[in-house]
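Worksheet: one structure, shown below.
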Amino acid sequence: FQRSERIKACPIGQDGACCSMCAMGPCRLVGKTETGVCGANRATVAARNVARMVAAGAAAHSDHGRDLAITLREVALGKASGYRIRDERKLRMVAGLFGVSTADRQLSEIALEVAEKALAEYGRQEGELTYLARAPQKRQEIWRKHNLAPRGIDREIAETLHRTTMGTDQDAAHLLDQALRVSLASGWGGSMLATDLSDILFGTPKPVASRANLGVLAEDQVNIIVHGHEPTLSEMLVEVVSDPELLAYARSKGAAGINLAGVCCTANEILSRQGVPSAGNFLHQELAMLTGATELMVVDVQCIFQSLAELAKKGHTRFVTTSPKAMVEGAEHFPFDEEHAPELARKLVRMAIDNYPNRRETFIPHHTGELIAGYSHEYIEYMLGGRFRASFWPLNDNIINGRIFGVVGVCGCNNPRSPQDAGIIRTIEELIAHDVLVVSSGCSALACGKHGYLSPEVLDKAGPGLREVCEAIGIAPVLHLGSCVDNSRILTVMAAMVAVGGLGDDVSDLPAAGIAPEWMSEKALEIGVYFAASGAGVYFTGPNPVASSPEAARLMTEGWAKKTGGFLEFTEPEAVVGKILEHIAGKRKALGINVAKERVLYDMEARRALA
Ligand code: MSK
């Protein structure tokens, strides 16, 4: 927070008016300067910057998915003995999507072919990604009509980098179309694969009770924090920390036990599946270390502050990087590989235990939020309809009858340019008070957890209709859907809502929207773009990378709305909830469900007539 006070954001770069694509610049398009040295105008420069950010976000999420496909392949080949297939049903579902035969075959054979098919999606040169078929039919036609259907995941990322090099694509609308296409390669490609493959390997989430905030750190135990995005090593750590031998070793050093907690999306991965508590979201990474109670912080990829290495030197925390892709100067590096994952996990836990006697004074803020996490789309379907009648119909029905006004995804990060969590919580409070069901992911979901919004306890803050539905089902008004890559679960939920009927025939018809109140990462922008490309209205508050170009901003709102039915608008925090409610009201009106209908009570005869 002090650093962000001291280092003011560069207003030229923040507004998307700085072009650094070649060494003739950087060109800053401010004041009377309308074009760069090469003649690129403001719209081209802003659109090029946005496209590059989206490609970087897509690369991060999709590479995460690729690593999981590799892990699945290693498991199938018997080269990753610490892992196994935990959700056979999901493996068979994904096999079906890829056209992999499952009859009379060993699970390992199916897994191997699924992993190979998944990896082939990255290098596909022509055609379309297989998972696009999971979208509503009309949505697929829109993508085809506007040439937005992605080919291979890597191909779209590479083409975006090519198009944005100096002197290549210099038409803002054309560049922004490519931003849509590369975002779809992640949303319905790399991210969706990451979610599915994680579920196959580590289990599809089901609701689980846990806690979040710095108070989950234990005064009398060895505290280990995992941070980043990948579930592979962290899942292994979950297994190892309850090993009796290691627990005895911890006691021999004077600790009462071993306490594992997470930060950011590695936290979300093991919170959703194993109920491991979270020490907080993005801006808690340094704070968790500052408590003086963290013996070991283990990081993998994405959203990791370089400052952690310096901070670790000021206390006793050992700071360890584990991804072969990501080293941090000053950190200890123990590279992860699937084959030796159990040994690495044990080694790291021993390291943390050995460090416990070095602990000095501690300052643990005793705040925690009770929460329920782990709402996979499969579980949402089950909870709505039960084991034999699992269906999204009750959700659609309650939207149609007006008890639920709409559904909004509240996603994305923290940004020290605004008070931590304040924008997220304010948005959620206002939405649920207006009977909007909220689904949340990433660091926004953890913010909700910290502040108690993932618990049915907050139902008194929900509007009467939403409250009635949530009480009947037994859920909170805000559902935790997982990590950043799990935003793909929201795509799946939207496709299912369309499929079940009554709310139009495309995602763009749904009374739904998305918002990132405190975004900072390229990945958040990419997520927003793939929702817009999928037909959703998306709002971002905070930094606006097209502020310098009204033309680029218009293309992402009106321009995209004409093509995809979705849009991405950067707007003021005070105005955003009003805009979302207006957007949803417009969708309800178009569907003809804006007028409350009389409730009809059916007697047995009427029910028989229905059947
Ligand atoms: S971790 S991308 S700060 S949500 Fe997924 Fe959080 Fe944003 Fe990183």
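Couple of notes before you dig in:
- Cross-link reach list, lysines versus Lys523, counting only Cα pairs under 20 Å and skipping chain neighbours closer than eight places: Lys325
- Taking Glu381, Glu361, Glu471, Glu116 and counting other C-beta atoms within 10 Å, the order from fewest to most: Glu361, Glu471, Glu116, Glu381
- Value at 222 nm in deg cm²/dmol, rounded to 500, when DSSP H runs of n ≥ 4 in the chain each add -39,500 (n - 2.57): -14000 deg cm²/dmol
- Taking a sphere under 13 Å around the Cβ of Val216 and counting the other residues whose Cβ falls inside, with K and R at +1 and D and E at -1, yields a net charge of 0.
- Label-to-label distance, Glu34 versus Arg251, with points set 7 angstrom from Cα along the beta-carbon direction: 7.8 nm.
- Exposure proxy for Ser20, Ser234: other Cβ atoms within 10 Å of each Cβ, ordered fewest to most, give Ser20, Ser234.
- Estimated inter-spin distance, Arg389 and Ala158, nm [label 7 Å along Cα→Cβ]: 5.2 nm
- Panel values: region 390-466, Kirkwood radius from alpha carbon pairs, Stokes-Einstein at 37 °C and 0.692 mPa s, translational diffusion coefficient 251 µm²/s.
- Within region 162-248, the GluC sites (Glu not before Pro) that combine a DSSP coil assignment with at most 16 other C-beta atoms in a 10 angstrom radius are Glu219.
- Distance violations [Cα-Cα > 30 Å] among Lys8/Lys32; Lys461/Lys563; Lys90/Lys461: Lys461/Lys563; Lys90/Lys461
- Rel. contact order, % - alpha carbon contacts under 8 angstrom, at least six apart, region 274-323: 41 percent
- Using 0.36 nm per residue and subtracting the Cα-Cα separation, the extra length available between Ala585 and Ala326 on full extension is 88.7 nm.
- Legend: ranking of residues Trp519, Trp143 from fewest to most surrounding C-beta atoms inside 10 Å; resulting order Trp143, Trp519.
- Prolate/oblate/rounded label for region 309-358 (Cα gyration tensor, a/c 1.5): oblate
- Counting only residues at least eight positions apart within a chain, or on another chain, the aspartates and glutamates with an alpha carbon under 12 Å from that of Lys138 are Asp505, Asp506, Asp509.
- Equivalent ellipsoid of region 88-197: semi-axes from √(5λ) of the C-alpha gyration tensor, largest first, are 31, 15, 10 Å.
- Once C-alpha pairs closer than 8 Å and six or more residues apart are averaged by separation and normalised to the residue number of the chain, the relative contact order reads 16 percent.
- Cα gyration tensor shape of region 244-315, rounded if a/c is under 1.5, else prolate or oblate by comparing a/b with b/c: oblate
- For Ile425, neighbours were defined as the other residues whose beta-carbon sits under 14 Å from its Cβ, and their charges (Lys and Arg +1, Asp and Glu -1) total -1.
- When region 433-563 is reduced to its Cα atoms, the Kirkwood hydrodynamic radius in Å: 16.1 Å
- Straight-line reach from Lys450: taking Cα to Cα under 15 Å and skipping same-chain neighbours fewer than 8 places apart, the aspartates and glutamates in range are Glu370, Asp421, Glu429.
- Paramagnetic label reach from Ser20 (point 7 Å along Cα→Cβ; backbone nitrogen cut-off under 18 Å): within region 43-80, residues 45-57.
- Rounded to the nearest 5, the antiparallel percentage of DSSP beta bridges internal to the chain is 15%.
- Other residues within the sphere of radius under 15 Å centred on the Cβ of Leu459, judged by their own Cβ, net out at -4 (K and R +1, D and E -1).
- Added length on full extension, which subtracts the Cα-Cα distance from 0.36 nm per residue, Ala209 to Glu605: 138.3 nm
- The Cα atoms of the chain give a gyration tensor whose axes a ≥ b ≥ c have a/c under 1.5, which makes the shape rounded.
Laboratory data are not the source of any read-out in this text; all were calculated from the coordinates shown. All values derive from a computational prediction rather than experimental measurement. When we count neighbours, we look across all protein chains shown, and the Cβ atoms used for this are built from the backbone with ideal geometry, even at glycine.
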